[in-house]
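Presented below is the structure to which this report refers.
The values are calculated or read from the model by the stated rules, or taken from the named source; none is laboratory data. Nothing here was measured: the structure is a model prediction, and the numbers come from that model.
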Amino acid sequence: AIATREAAAHHGLTVVADDIGNDTMLETRYIVIYKQSGEASSHRCPFPRDVEDPVQKHSACFALNNEPGAAYKLLSCWALRNIDVLKLETRPLGDGQRV
């Protein structure tokens, strides 16, 4: 798996290779989804380092079938769990492309 050193240490894994990417400016981020209470809520994400009270933003990309309610079904999963979606962009697929 490709992961952070922290993730490897947490799960008792051995790092086989460092710096395996071809873009030195690339920063990989991970998202931890959890309930507001319970075991996972006490853990902080391992990024960004050395920043007091960091603002954490995440992006996701989904391809949905062109059918009534498809976007609603996706977004309602977050709304029902009080997860705030600040921005939504839609882009059509290219000519002849299908999901």
Could you please let me know if Arg29 is at pLDDT below 65, within 30 Å of Pro92 (Cα to Cα) and under 15 Å from the mean Cα position of the chain (by Cα)? yes
What's the total number of residues in region 5-18 that are assigned to a loop (DSSP other than H, G, I, E, B) and within 21 Å of the chain's Cα centre (by Cα)? 1
